[in-house]
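Here's the structure we're looking at; comments come further down.
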Amino acid sequence: MLKITNLSATIEDKKVLKNINLEIKPGELHVILGPNGAGKSTLGRVLLGEEKYKVTDGEIKFRGKNFLKMPTHERAQAGFFLSFQAPPELDGVSAREMLFAAKKTIDPDLISSFRFKKSFLKNLAEVHLDKEFADRDMNKGSSGGERKKMELATLLTLDPQLIFLDEIDSGIDVDAMNVLIETVNKFMENPAKSAIIVSHTDKFLNKLNPTHVHILINGKITLSGDAKLIDEVHKCGFCPYMRNCENK
């Protein structure tokens, strides 16, 4: 699904990713842990091709394609989905209109706006959002939890191959957390799908049954293991792993 080899990147001449190596196969759910400012969000943005980051070394292969030669919109069309930490408002553009246009770039044969709306309303219901959100300006007047739910409805609508959820569990209540867990687990029922999850919440992560866990410190993956790493980090913190990356 995804193979990252010796990936390094900078922003304003500051090195923010350092020789990242990561391979994700279909059916795998990878968790990335790390302190604030470690480079977790940066990795997602580099994968999507945000222009302010400059890749200085390495390669990214997604489903056999060279991501580094593809602009952002083509990476999304290829099946990569990155969630917003803080989903923005879009004045004058409804969620239904925006996602119908996005879906058509993925599936050019999609011509029925009626069928799309029916499917989109079903996805809104799946994440416990009222149907009025379909025709409301995207995230206009929505709470933080509602915006995160709209991210999930967007995920279900676009049906990507690999999702990168960047702290999508932050600032949401118990009900929204349950919706999030249900949505991710349902997505992962398809053995052809894969996920990367960034979070600081152990209770959330442990309900997702991750196959791999990585610790990212100072732009570098210092340790990889299984789900046991989640409990170890939340018991001991990141200090033991930060010592491992001194002067590296």
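Here are some notes:
- Segment 1-15: number of residues that are assigned to a loop (DSSP other than H, G, I, E, B) and in contact with a strand residue (DSSP E or B) (Cβ under 8 Å, 6 or more places away or on another chain): 1
- Residue match in segment 74-85 (condition: among the small types (Gly, Ala, Ser), touching a strand residue (DSSP E or B) at 6+ places or on another chain (Cβ under 9 Å), in a helix (DSSP H, G or I) and under 30 Å from residue 15 (Cα atoms)): yes
- Answer residue from segment 34-90, given it is within 28 Å of residue 201 (Cβ to Cβ) and acidic (Asp, Glu) and is surrounded by the fewest Cβ atoms within 10 Å (Cβ to Cβ) among those: 89
- Flag for residue 8 being hydroxyl-bearing (Ser, Thr, Tyr), at pLDDT 95 or above and surrounded by 14 or more Cβ atoms within 10 Å (Cβ to Cβ): yes
- When segment 91-136 is filtered for residues that are closer than 27 Å to residue 174 by Cα and either in a loop (DSSP other than H, G, I, E, B) or at pLDDT below 90 (or both), the ones remaining, listed by number, are 127, 128, 129, 130, 135, 136.
- The set of residues in segment 16-52 being in contact (Cβ under 8 Å) with a residue 24 or more places away in the chain and in a loop (DSSP other than H, G, I, E, B) consists of 25, 26, 27, 28, 34, 35, 38, 39, 49, 52.
The values are calculated or read from the model by the stated rules, or taken from the named source; none is laboratory data. Because the structure is a prediction, the values reported are computed rather than measured. As a convention, Cβ positions derive from the backbone with ideal geometry for all residues, glycine included, and neighbour counts pool all protein chains shown.
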